[in-house]
Every structure is written in C-alpha cells, then in structure tokens.
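Colleague: The structure's right below; bear with me while I get my questions together.
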Amino acid sequence: MSKIETPRPIRGTQDMLGEAALRFGHVVETFDRVRRLYGFGRVEVPVFEPTAVFARSLGETTDVVSKEMYSFEDRGGDSVTLRPEFTAGLCRAYLTEGWQQHIPLKIATHGPLFRYERPQKGRYRQFHQLDAEVIGSAEPLADVELLALGDQLLRELGVSEGVTLTLNTLGDAETRDAWRAALVAHFEKHRGELSEDSLDRLTKNPLRILDSKDPRDRPVADSAPEIDAFLSTDAGAFFETVIRGLEAAGIAWTRNARLVRGLDYYRHTAFEFVTDRLGAQGTVIGGGRYDGLIEALGGPPTPAVGWAAGIERLAMLIDAPERERIDVAVVPMGEAAQGVATAILADLRRAGIAADMAYKGNMKKRMQKADASGALWAVIIGDDEVAKGEVALKHLSDQTQRWVRIGALVETLKA
C-alpha cells in the first residue's frame, strides 16, 4: 500500500502556533479593548459577497478586481467573491440590514481577507485586518476620532515610536474635478515620459500616477500640480478643522500632498500611518473619507470615513508577548485521585482560576510538565489525600508545601 502524501498548505497562507499566535492574538485583543473606549460596536459580515459588491466599490479597472480577487460561480450560477477588503461588505450590510436607523454608526470588525498576489514579508493571500468605520457622519470630527483611535491603538501596542501619520485632503467633488482635469492636462503633455502602466491609468485612473513607484514616472508625477491650488472654500475649511482636531488631541502628523485615492467616491481626508521598520511595505494603518461609496452601491448619498490595519504587520512590530501560563497544575496519583482531580479542575476553572492536568505519566513526569507549564502552584493528590479529603498545595517557585482541605482549595488559591 502506497503512503498517502499530506497536501502542502496553499501558498500565501499561514499556520500559527506559539509566539506567532500570541502576537496575533495580542493585536486583536488590544484593538477590541481600544475600540470599546471609543464606542465602536463590534459587527460581523460574511467572508464572501456577490462579486458586484466589490467590483462597484473597488472599480472595475483596478488591479484588485481585474487580477487579485478570488471569484467563482457557486452551484446556483451566481458569481461570488471572497472579500478582499471590509468596507464594501460593511456598506452593503448598512443598506440591506436597516443599519441606517443607527447613524452615525460607529462600527469595528476584524478577520481574514483574500487577495491573489505575490506573497512577501507581512503580506499573504489570506491575510487579516482590523477595521473601523463611521458611517452617516459628514462632520470632520468623525475623521479626527478615527485618527485618534488609530493613534491610540499604536500607542497601546507599543509601536508608535517610528510610526508617522501622513495626511492629505482630496477635497470635495468640485475640488476633485478641477484637480483631476489639471492632472490629466499635465500628464498628457508628458505622455512620452510615462511608463506603460501610467499611460493606462491616464485614461482610467489618473490620480494613481501620483503614487507610482516606477522611476520613469517620478519626475512627471513630482512636477504635477498639487490639490491646494484647486481647494474650494468648503474643502479647505474641512481640512483645517481636521488639522485643528488632531492638534487638540495631541496627535502629530505630517502633510503628504501626493497621498491619493484613485476612486472617485473618496473625498476630503486621506491618511496613512507609515513606518520604515517593515521595508517597502511601510503602511500599518490606511484609510480616508469615502462619501460617495454607498451611493455607488445603490444607496442614498451617505458620508462615511474609515480605516484598516494589517494584523500581520502590526504583529511583526510589537514586542513578543509573554507566553500564556496557567495558575495551577493538578497532579493526581492513582485512580481514586484521578476522579477527585477532575472535580477539582472543574471547580477551579469555574472560579476563574486557570488550571490544567497532564492526562498520564508518573509523579516525576507530571511534576516536570507542571514546571514547564509556568504554573505557580501544583495541587498534588494521592490515595492518602483522597482518604483525608485534602490535597498537597505546593508553591512551585519556593518549593514550600502545605495541606489544604479540598472544600477550601478555591478560597485558599484566590486569597
């Protein structure tokens, strides 16, 4: 009989155990704690959606839609897509689940996303993000609150040192239309100097030329007109309010006039928290205001702003968390003791005391496992202890030992 070969994991996916899982969990736990401080409620949305949700939100011509989405026909013949980002699904839920009654809606979520792209450091085909959104508020203070949430998350994770908040305005619709026309005119004059990708973007998505990484495009992009010359009075006032709010909250920022979002539904604030500690992939939180997206999905005009952060990238930046430890290791010796130990374990855990027990082994091996677990106490039970209704409670650091009645064990450990 031939040996069955175990399939390898799919490229761009990851299995986590030990420190990797602890880092990941610490990022998620910190996010959940901080988002509660800001009043952002936890929500869940499906891992897959009708393909149209993402095609409309990300734009039919973007690389994500044309090259990177995991899309397939289900058995009913419908085209569905594994979510490549959160915002579109959240906006779809806002429209279909009656969430409009809760505006302004402050929501947060986290989980896996899927994009078919070349795996590299901190980037996977199944990756994970944190996400926070404010839907239904046109006020610039919503932008400030989201930026403050991101800033505090980085501080609580201990990674704010060396991370810079970069900020730009994309203006309102009037501003954007005027700026876009000026950019197209500028790039048309320099067609011969642009890369093939940028020539393609010139007709589909000209703002994206500004953040091109191709060295051929940089001189043309760097000499392009900046948005400030086209800012309407309202758009300028909006950006100024955001800046004043950040200063009032004590959040440092720097202007990046080349920070853009290519799709037309983006408005006003665009931002990234960036670091040089991850090589070329330097953005740890990115987002902005997308006042036109819900309308693009078939809903009424609805202002909204949000951000997403890569859990894997944040996990790479944080200090290694302390390994998880139990409080008590239960060490039974003999069949009678095994039954008592099972009851003691249940009592300890119900009382909120982390406890564990090796399933088998002699006294020496069980005590070695107790030491390796990092437990502070060992509860040792033999036939004599069972007969007396007590246990030996051993402090594993100083090796002191005393006898405690089984009925008083929980109270003794809590004290």
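The values are calculated or read from the model by the stated rules, or taken from the named source; none is laboratory data. Treat the numbers as computed from the prediction; the structure is a model and nothing was measured. Cβ placement follows ideal geometry from the backbone for every residue including glycine, while neighbour counts extend to all protein chains displayed.
Colleague: Could you check the stretch 252-280 and list, in sequence order, the residues that are surrounded by fewer than 16 Cβ atoms within 10 Å (Cβ to Cβ) and either in contact with a strand residue (DSSP E or B) (Cβ under 7 Å, 6 or more places away or on another chain) or not assigned by TED's automatic domain parsing to the domain that holds Ala308 (or both)?
Modeller: The answer is Ala252, Thr254, Arg255, Ala257.
Colleague: What number of residues within the stretch 266-291 satisfy the criterion of being in contact (Cβ under 8 Å) with a residue 60 or more places away in the chain and among the small types (Gly, Ala, Ser)?
Modeller: 4
Colleague: Counting only residues that are farther than 17 Å from Arg350 by Cβ, β-branched (Val, Ile, Thr) and either surrounded by 11 or more Cβ atoms within 10 Å (Cβ to Cβ) or under 43 Å from the mean Cα position of the chain (by Cα) (or both), how many does the stretch 392-415 have?
Modeller: 1
Colleague: Also, I was wondering about something else. Mind telling me which of the residues Asp172, Asp177, Asp151, Asp143 ends up being touching an Asp or Glu at 6+ places or on another chain (Cβ under 7 Å), farther than 28 Å from Val47 by Cβ and modelled with pLDDT of 85 or more?
Modeller: Of Asp172, Asp177, Asp151, Asp143, the one residue that is touching an Asp or Glu at 6+ places or on another chain (Cβ under 7 Å), farther than 28 Å from Val47 by Cβ and modelled with pLDDT of 85 or more is Asp172.
Colleague: Which one of Thr51, Thr81, Thr87, Thr6 is closer than 24 Å to Tyr116 by Cα and not assigned by TED's automatic domain parsing to the domain that holds Tyr290?
Modeller: So the residue among Thr51, Thr81, Thr87, Thr6 that is closer than 24 Å to Tyr116 by Cα and not assigned by TED's automatic domain parsing to the domain that holds Tyr290 is Thr6.
Colleague: What's the number of the condition Leu147 fails, among (1) in a loop (DSSP other than H, G, I, E, B); (2) of a type in the set (A, V, I, L, M); (3) buried (at least 21 other Cβ atoms within 10 Å of the Cβ)?
Modeller: Going through the list (1) in a loop (DSSP other than H, G, I, E, B); (2) of a type in the set (A, V, I, L, M); (3) buried (at least 21 other Cβ atoms within 10 Å of the Cβ), Leu147 breaks only (1).
Colleague: Separate question: Are there any pairs with C-beta distances below 6 angstrom linking a residue in the stretch 73-95 that is within 22 Å of Gly41 (Cα to Cα) and in contact (Cβ under 8 Å) with a residue 60 or more places away in the chain to a residue that is among the β-branched types (Val, Ile, Thr) and outside any loop (DSSP other than H, G, I, E, B), with the two at least 6 apart or on different chains, and if so which?
Modeller: Ala88/Val53; Cys91/Ile294; Arg92/Val53; Tyr94/Ile135
Colleague: Checking the conditions here, which among Met316, Met333 is under 30 Å from Glu156 (Cβ atoms) and either outside the structural domain of Val27 (by TED's automatic domain parsing) or surrounded by 12 or more Cβ atoms within 10 Å (Cβ to Cβ) (or both)?
Modeller: Met316
Colleague: Is it true that some residue in the stretch 129-143 is assigned to a helix (DSSP H, G or I), touching a residue at least 24 places away in the same chain (Cβ under 8 Å), over 20 Å from Val27 (Cβ atoms) and within 19 Å of the chain's Cα centre (by Cα)?
Modeller: yes
Colleague: Starting from residues that are under 13 Å from Asp172 (Cα atoms) and charged (D, E, K, R), keep the ones in the stretch 262-279 and report whichever is nearest to the chain's Cα centre (by Cα).
Modeller: Going through the qualifying residues, I end up with Arg267.
Colleague: Go through the stretch 267-305 and report how many residues are over 25 Å from Leu154 (Cα atoms) and part of a loop (DSSP other than H, G, I, E, B).
Modeller: 9
Colleague: Take the stretch 167-200 and flag every residue that is surrounded by 18 or more Cβ atoms within 10 Å (Cβ to Cβ) and either assigned to a strand (DSSP E or B) or free of Cβ contacts under 8 Å to residues at least 40 places away in the same chain (or both).
Modeller: Listed by number, the residues that qualify are Leu167, Asn168, Thr169, Phe187, Leu194, Ser198.
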